[in-house]
Amino acid sequence: MAPGAFSPRRIAERLFAGLDAPLLTIVLLLAGIGLATLFSASYDTPSRVTAQLANLAVALAAMWIAAQIPPQTMMRYAVPAYLVGLALLVGVALFGEVVNGARRWLHLGVTRVQPSEMMKIAMPLMLAWYFDRYEATLRLRDFALAGLLLAVPVLLVARQPDLGTALLVAAAGFYVIFFAGIGWKVLASLAILAIGSALPLWGMLHEYQRKRILTLLDPTQDPLGAGYHIIQSTIAVGSGGIAGKGWLHGTQAHLEFIPERSTDFIFAVFSEEFGLIGNCVLLLLYSLLIARGLMIAANAPTFFARLLAGSITLTYFTYAFVNMGMVSGILPVVGVPLPFVSYGGTALATLFIGVGILMSIQRHPKLIQT
Amino acid sequence: MRLAELKNHERELRRFRVRVGIAGIAVLVAFGLLLARMIYLQVLQHDYYQTKAEDNRITIVPIPPNRGLILDRNGEVLSRNDSGYTLEISLSKVQNLEQTIDRLSGLVEIGPRDRSRFKKLMSETRRSDSLPIRTRLTDEEVARFAANRFRFPGVEIKARLFRYYPQGESASHVIGYIGRINEQDQERLEELGVEANYRGTDTIGRRGIEASYQQDLHGTTGFEQLEIDAAGRGIRVLSRTAPQPGDDVSLALDIRLQKVAEQAFGGRRGALVAIEPSTGAVLALVSEPGFDPNLFVDGIDPQSWDSLNDSPDRPLNDRAIAGLYPPGSTLKPYLALAALELGKRTPKSTIRDPGYFVFGDRRFRDDKVGGHGVVDMYKSIVESCDTYYYMLANDLGIDAIARSLEPFGFGSRTGIDLDGEATGVLPSPEWKRKRFARRDQQKWYPGETISIGIGQGYNAYTPMQLALAVATLANGGAMYRPHLVDHIENPRTGERRYIQPHLERRLPLNEANLEFIKRAMAGVNREQDGTGARAFAGAQYTSGGKTGTAQVVALKQNEKYDEKNVAERHRDHSLFIAFAPLDSPKIALAVVVENGGFGARAAAPIARTVLDYYLLGKLPDKPNGPVREDESVKEGD
């Protein structure tokens, strides 16, 4: 063994090998913003900041591991991951634990898992694997089958009910199908079909989901009930102004007018305290993250890697757009966190695993020959 | 083949990159949309949302002012604020009210009166959620409840200021009382546009000075700007505007004089009003029986209310300003004066009184059987000769009588600073036309004029009016509007606003005529045959007076009034008007004793007692009880 193999420098090099510097910088900046905002939002429960720091450590470790796994290995685990995820979702539907009126958790002996979260990764893996396998001979029939592979887990998640996650899983799957080259005509007809089926779907929605959509159109209809979230978060955003009220000086947040202010509505706290300038910084960071992800996708060596990278990257867009849109009152309230910023360990880990996969794809461009 | 595959691959990659580009553009468009929304909210609508956020976090908490005190002319406290504890229940936080009250009664004494009072409060007040189930808790009860507080969510001990009336029943009609603000009060406050100044205030003046000087006593409500959280909990005080305490109201009334007068009634019903003629200041205003205003402060319980309201003695009526009585013979001096002024009589002209006056087929009886003999004006007043006035009234005619009496304030409100004053009735043909609907009832009959001559008939005046009239007479025809309040003082600055005497009118009376009438009234108290002579025997000051007896039940013609055989409630009212000293009078008064019989017997001694105390500081030897039946009193009235 060469001398200095265990020198700190070599260890650091080994540790950071394969970690894409631009991606890492962007997500760490976002996570930093998240911690700062969380510190302000949870002034009454300071333990949340330390808990989130621990979550971040776990998520970074998960990212590191994911970054070490070569894409072809991922490809091998695509089908098993999807099948296990599907089985667990069925398990949740049958034996799941009800928390806050929704059946999302499944007890597996010592621990409990949220299989819907796992689907966020397993879904693009599966579809990317599927399209990669039939790359040369893709026909409409293949897209139809992919649609089925997508629809089953999404419906299972939506039934829990967890509209936010269902939306994210559906988006992840859809992006794979989109990048796989589904025809524009097919896409257009699908869109018409979707609008056509909106009515029967409306009937399938839970009462509180319908209410959320209705109050989006006019939050003042129910100012103390379903409209309360949107009204208060809009006030927070609007009262922030251009420069914001300053860190730790958001009155809406500190006086508890914003519900779920450290999780789904953390953007209201951020926007109130940092104003339009802060929002531009945040949007810029997300744009850079997406740009870097799409760049990795465009340069990826295999069809599988391209589809996977493209899908994961656009999922980040979905998170950010839906969350900020809902807080600022242009989208319905669905449980989607602000990526890398909102409090919560599971979501953070999933997000960072995605980053790890992107890094792995960036790192292994030439290992796979076609 | 390999080339084709490669070519295929190249095409695939190109297509993918196009889609990546499209995705990138879509992302930018979507983020642009978000940015536009944020600019809209944070730049264009910023002011609007800024205000909303401020409204959200700041609440205004009113701090009610301390109510001003009510004092008598010597600084004696008539109404003050005592601190004490109440046990209050928040209706919205208590699930089973009955059960909670039952459980509370194990710790704190809660009687059936407290319960019924609480129910009444619940039905009357909707503006406050927290209502007192018990007031004025003892220290021991406070301690007992405090130890068990955790068992009673929604029940609280509150330290509060209570209005307290240390004089009890004394001067209760003057002082009045406060009560909890009900919905009607609330509407009235809103009409006046002062409801903001009553935020945080539970009570309002209901009667007496408490009501008529409500605005001065109330003060200005202070405010605290409080930062609150979404649950409404106060976080910190942002600013504070201290409340301005209400002004102290000092009366011209002397509570000691008032008590002397009240005691002089000896439990009989009636009223007394004493006025300083030169200013209109009210020195005493008695309405007997009184009531304890303390009962009303926290909302009166229905039992106490019923016993006050249903009592045949009507203690809640303020007889002094709202009780209407025929003036009886106390009207005679004014009629005599009118006759002098109009030239219908001279002091010297005489009549012969056979004991009755015949008008048409009707015979008007004099009280003195056999009559007073030869009577001039002086004697007519001193001995209260009815026949003289039957004739005089007939000669004057009703229109002249009404025109002459009106300037003295008969039949119109005196404008005293109390609410609820009655107007009374100064009869005239015009009044009768308005009063009655039927044509035959509207007609004025000459016989009715003759009854007016001795103060009977439709006449009905308040003791307040009788007192103001005699004060005006005593003051040489200068009428000052009566007022109870002497001055209003700001307790912080000591700044005083005096109620200036208000000259209502100056009657253009001939001085010689006026002097003659006053001299005749002095004779009432001084001459041996004077109807007030017995009551005023040995008085160490000069005074003028006039007795009066008002029929409660009309007697049939030729029927003799026999006091002993008439039910108490049907006995005549006893009246007396007086002023003293004769020259530059310091006090003028009117007394009415309901069903007291002859004016000389019941009302005159009360007037004597009051004048003795006011002019000499002399307290009565014994409470003035009803005069015994066998005492021989001049029945000149």
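Inside region A:304-321, can you point out the residues that are surrounded by fewer than 24 Cβ atoms within 10 Å (Cβ to Cβ) and either more than 7 Å from chain B (Cβ to nearest Cβ) or within 26 Å of A:ARG133 (Cβ to Cβ) (or both)?
Step one: filter region A:304-321 for residues surrounded by fewer than 24 Cβ atoms within 10 Å (Cβ to Cβ), giving A:316, A:318, A:321.
Scanning region A:304-321 gives A:TYR316, A:THR318.
Name the single residue that is surrounded by the most Cβ atoms within 10 Å (Cβ to Cβ) among those in region B:136-183 being among the β-branched types (Val, Ile, Thr) and outside any loop (DSSP other than H, G, I, E, B). Step through it out loud before you land on a result.
Going through region B:136-183, the residues among the β-branched types (Val, Ile, Thr) turn out to be B:138, B:142, B:155, B:157, B:174-175, B:178, B:181.
Remaining after also requiring outside any loop (DSSP other than H, G, I, E, B): B:142, B:155, B:157, B:174-175, B:178.
Details: B:VAL142: 16, B:VAL155: 22, B:ILE157: 18, B:VAL174: 29, B:ILE175: 25, B:ILE178: 25.
The selected residue is B:VAL174.
If I ask for residues that are of a type in the set (A, V, I, L, M, F, W, C) and not in a helix (DSSP H, G or I), which ones from region A:300-340 would you list? Explain how you work it out, then say what you get.
Residues of region A:300-340 that are of a type in the set (A, V, I, L, M, F, W, C), as a first pass: A:300, A:303-305, A:307-309, A:312, A:314, A:317, A:320-322, A:324, A:326-327, A:330-331, A:333-334, A:336, A:338, A:340.
A:ALA300, A:ILE330, A:LEU331, A:VAL333, A:VAL334, A:VAL336, A:LEU338, A:PHE340 - these are the residues of region A:300-340 that are of a type in the set (A, V, I, L, M, F, W, C) and not in a helix (DSSP H, G or I).
Please go through region A:341-350 and give me each residue that is assigned to a loop (DSSP other than H, G, I, E, B) and either surrounded by fewer than 20 Cβ atoms within 10 Å (Cβ to Cβ) or out of contact with any Gly (no Cβ under 6 Å at 6 or more places or on another chain) (or both), ordered by number.
At the first step, the residues of region A:341-350 found to be assigned to a loop (DSSP other than H, G, I, E, B) are A:341-344.
Answer for region A:341-350, where residues must be assigned to a loop (DSSP other than H, G, I, E, B) and either surrounded by fewer than 20 Cβ atoms within 10 Å (Cβ to Cβ) or out of contact with any Gly (no Cβ under 6 Å at 6 or more places or on another chain) (or both): A:SER342, A:TYR343, A:GLY344.
Can you say whether B:ARG37 is modelled with pLDDT of 85 or more and over 34 Å from the mean Cα position of the chain (by Cα), as far as the supplied structure shows?
Details: modelled with pLDDT of 85 or more: yes; over 34 Å from the mean Cα position of the chain (by Cα): yes.
Yes.
Check A:ALA243, A:ALA253, A:ALA236, A:ALA297 and return the single one that is buried (at least 24 other Cβ atoms within 10 Å of the Cβ) and more than 9 Å from chain B (Cβ to nearest Cβ). I'd like the intermediate steps shown before the answer.
Values: A:ALA243 fails: buried (at least 24 other Cβ atoms within 10 Å of the Cβ); A:ALA236 fails: more than 9 Å from chain B (Cβ to nearest Cβ); A:ALA297 fails: more than 9 Å from chain B (Cβ to nearest Cβ).
Just one listed residue meets the conditions, A:ALA253.
Tell me, which helices (runs of 4 or more DSSP H) wholly within region B:434-543 include 1 or more residues that are more than 34 Å from the chain's Cα centre (by Cα)?
Ranges flagged: B:439-442, B:446-452, B:511-526.
Please enumerate the residues belonging to region B:371-396 that are of a type in the set (A, V, I, L, M, F, W, C) and not in a helix (DSSP H, G or I). Before the answer, list the steps.
Applying the first criterion (of a type in the set (A, V, I, L, M, F, W, C)) to region B:371-396 yields B:374-375, B:377, B:381-382, B:385, B:391-393, B:396.
Result: B:VAL374, B:VAL375, B:CYS385.
Could you tell me which of the residues B:SER349, B:SER384, B:SER329, B:SER380 is assigned by TED's automatic domain parsing to the domain that holds B:ASN510 and either farther than 19 Å from B:PHE576 by Cβ or among the charged types (D, E, K, R) (or both)?
Details: B:SER384 fails: either farther than 19 Å from B:PHE576 by Cβ or among the charged types (D, E, K, R) (or both); B:SER329 fails: either farther than 19 Å from B:PHE576 by Cβ or among the charged types (D, E, K, R) (or both); B:SER380 fails: either farther than 19 Å from B:PHE576 by Cβ or among the charged types (D, E, K, R) (or both).
Going through B:SER349, B:SER384, B:SER329, B:SER380 in turn, just one is assigned by TED's automatic domain parsing to the domain that holds B:ASN510 and either farther than 19 Å from B:PHE576 by Cβ or among the charged types (D, E, K, R) (or both): B:SER349.
Taking region A:246-268 on its own, how many of its residues are over 20 Å from the mean Cα position of the chain (by Cα) and either touching a residue at least 24 places away in the same chain (Cβ under 8 Å) or under 18 Å from A:VAL49 (Cα atoms) (or both)? Explain how you work it out, then say what you get.
The first filter runs over region A:246-268 and keeps only residues over 20 Å from the mean Cα position of the chain (by Cα), leaving A:246-259.
Checking the rest, the ones that are also either touching a residue at least 24 places away in the same chain (Cβ under 8 Å) or under 18 Å from A:VAL49 (Cα atoms) (or both) come to A:246-250, A:253-254, A:256-259.
Number satisfying all stated conditions: 11.
Return the residues of region B:37-77 that are β-branched (Val, Ile, Thr), part of a helix (DSSP H, G or I) and loosely packed, with under 15 Cβ neighbours inside 10 Å; say none if nothing qualifies. It would help to see each step written out before you state the result.
Keep residues of region B:37-77 that are β-branched (Val, Ile, Thr), which gives B:39, B:43, B:51, B:58-61, B:63, B:70, B:77.
Still in the list and also part of a helix (DSSP H, G or I): B:39, B:43, B:51.
Residues satisfying the conditions are B:VAL43, B:THR51.
For A:ARG104, all conditions in the list (1) touching a residue at least 24 places away in the same chain (Cβ under 8 Å); (2) in a helix (DSSP H, G or I); (3) among the basic types (Lys, Arg) hold save one; what is the number of the exception?
(2)
With respect to A:VAL98, determine if the residue is surrounded by 19 or more Cβ atoms within 10 Å (Cβ to Cβ), at pLDDT below 90 and either in a helix (DSSP H, G or I) or aliphatic (A, V, I, L, M) (or both).
Details: surrounded by 19 or more Cβ atoms within 10 Å (Cβ to Cβ): no; at pLDDT below 90: yes; either in a helix (DSSP H, G or I) or aliphatic (A, V, I, L, M) (or both): yes.
No; evaluated as a whole, the condition is false for this residue.
Could you list all residues from region B:484-496 that are in contact (Cβ under 8 Å) with a residue 60 or more places away in the chain and more than 11 Å from B:TYR213 (Cβ to Cβ)?
Initial filter on region B:484-496 (in contact (Cβ under 8 Å) with a residue 60 or more places away in the chain): B:484-492.
Listed by number, the residues that qualify are B:ASP486, B:HIS487, B:GLU489, B:ASN490, B:PRO491, B:ARG492.
Can you tell me which residues in region B:7-46 are under 14 Å from A:THR234 (Cβ atoms) and more than 8 Å from every other protein chain (Cβ to nearest Cβ)?
B:TYR40, B:LEU44
Scan (1) surrounded by fewer than 23 Cβ atoms within 10 Å (Cβ to Cβ); (2) modelled with pLDDT of 95 or more for the single condition A:LEU248 breaks and write down its number.
(2)
Among the candidates A:LEU125, A:LEU155, which residue alone is of a type outside the set (S, T, N, Q), without any contact (Cβ under 8 Å) to a residue 24 or more places away in the chain and either more than 14 Å from chain B (Cβ to nearest Cβ) or assigned to a strand (DSSP E or B) (or both)?
On the way: A:LEU125 fails: without any contact (Cβ under 8 Å) to a residue 24 or more places away in the chain.
Exactly one of A:LEU125, A:LEU155 is of a type outside the set (S, T, N, Q), without any contact (Cβ under 8 Å) to a residue 24 or more places away in the chain and either more than 14 Å from chain B (Cβ to nearest Cβ) or assigned to a strand (DSSP E or B) (or both), namely A:LEU155.
Can you tell me which residues in region A:128-148 are of a type in the set (Ser, Thr, Tyr) and part of a helix (DSSP H, G or I)?
Within region A:128-148, the first condition is being of a type in the set (Ser, Thr, Tyr), and the residues that meet it are A:130, A:134, A:137.
A:TYR130, A:THR137 - these are the residues of region A:128-148 that are of a type in the set (Ser, Thr, Tyr) and part of a helix (DSSP H, G or I).
Sort through A:ALA188, A:ALA151, A:ALA172, A:ALA236 and tell me the only one that's modelled with pLDDT of 90 or more and in the same structural domain as A:TRP247 (by TED's automatic domain parsing). Working first, answer last.
Working: A:ALA188 fails: in the same structural domain as A:TRP247 (by TED's automatic domain parsing); A:ALA151 fails: in the same structural domain as A:TRP247 (by TED's automatic domain parsing); A:ALA172 fails: in the same structural domain as A:TRP247 (by TED's automatic domain parsing).
None of the other options fit; the residue is A:ALA236.
If you check B:ASP72, B:ASP55, which single one turns out to be farther than 30 Å from B:VAL237 by Cβ, more than 7 Å from every other protein chain (Cβ to nearest Cβ) and of a type in the set (Asp, Glu)? I'd like the intermediate steps shown before the answer.
On the way: B:ASP55 fails: farther than 30 Å from B:VAL237 by Cβ.
One residue alone meets the criteria, B:ASP72.
Looking at (1) of a type outside the set (Val, Ile, Thr); (2) away from chain B (no Cβ under 11 Å); (3) surrounded by fewer than 24 Cβ atoms within 10 Å (Cβ to Cβ); (4) not in a helix (DSSP H, G or I), find the lone condition where A:HIS229 falls short.
(4)
Being over 18 Å from the mean Cα position of the chain (by Cα), within 14 Å of chain B (Cβ to nearest Cβ) and without any contact (Cβ under 8 Å) to a residue 24 or more places away in the chain is true for just one of A:ALA144, A:ALA136. Which residue is that?
Details: A:ALA144 fails: within 14 Å of chain B (Cβ to nearest Cβ).
That would be A:ALA136, the only listed residue that is over 18 Å from the mean Cα position of the chain (by Cα), within 14 Å of chain B (Cβ to nearest Cβ) and without any contact (Cβ under 8 Å) to a residue 24 or more places away in the chain.
A quick yes/no check of all residues on (1) surrounded by 19 or more Cβ atoms within 10 Å (Cβ to Cβ); (2) in a strand (DSSP E or B):
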residue	(1), (2)
B:ARG268	yes, no
B:VAL273	yes, yes
B:VAL282	yes, yes
B:LEU285	yes, yes
B:TRP305	no, no
B:LEU308	no, no
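If B:ASP114 satisfies all but one of (1) closer than 23 Å to B:GLN214 by Cβ; (2) in a helix (DSSP H, G or I); (3) among the charged types (D, E, K, R); (4) touching a strand residue (DSSP E or B) at 6+ places or on another chain (Cβ under 7 Å), what's the number of the condition it fails?
Among (1) closer than 23 Å to B:GLN214 by Cβ; (2) in a helix (DSSP H, G or I); (3) among the charged types (D, E, K, R); (4) touching a strand residue (DSSP E or B) at 6+ places or on another chain (Cβ under 7 Å), the lone unmet condition for B:ASP114 is (1).
When region B:86-111 is examined, which residues are found to be under 20 Å from B:ARG136 (Cβ atoms), exposed (fewer than 14 other Cβ atoms within 10 Å of the Cβ) and free of Cβ contacts under 8 Å to residues at least 24 places away in the same chain?
Listed by number, the residues that qualify are B:GLY106, B:GLY111.
Does A:ALA171 satisfy being among the small types (Gly, Ala, Ser), part of a helix (DSSP H, G or I), touching a residue at least 40 places away in the same chain (Cβ under 8 Å) and in contact with a Ser or Thr (Cβ under 7 Å, 6 or more places away or on another chain)? Steps first, answer last, please.
Details: among the small types (Gly, Ala, Ser): yes; part of a helix (DSSP H, G or I): yes; touching a residue at least 40 places away in the same chain (Cβ under 8 Å): yes; in contact with a Ser or Thr (Cβ under 7 Å, 6 or more places away or on another chain): yes.
Criteria met by A:ALA171.
If I ask for residues that are surrounded by fewer than 16 Cβ atoms within 10 Å (Cβ to Cβ) and either modelled with pLDDT under 90 or in contact with a Lys or Arg (Cβ under 8 Å, 6 or more places away or on another chain) (or both), which ones from region A:19-57 would you list?
A:PRO22, A:TYR43, A:ASP44, A:THR45, A:PRO46, A:SER47
The values are calculated or read from the model by the stated rules, or taken from the named source; none is laboratory data. Please read these numbers as outputs of a predicted model, since none were measured by experiment. Because the Cβ atoms are built from the backbone with ideal geometry, glycine has one as well, and the counts that use them run over all protein chains shown.
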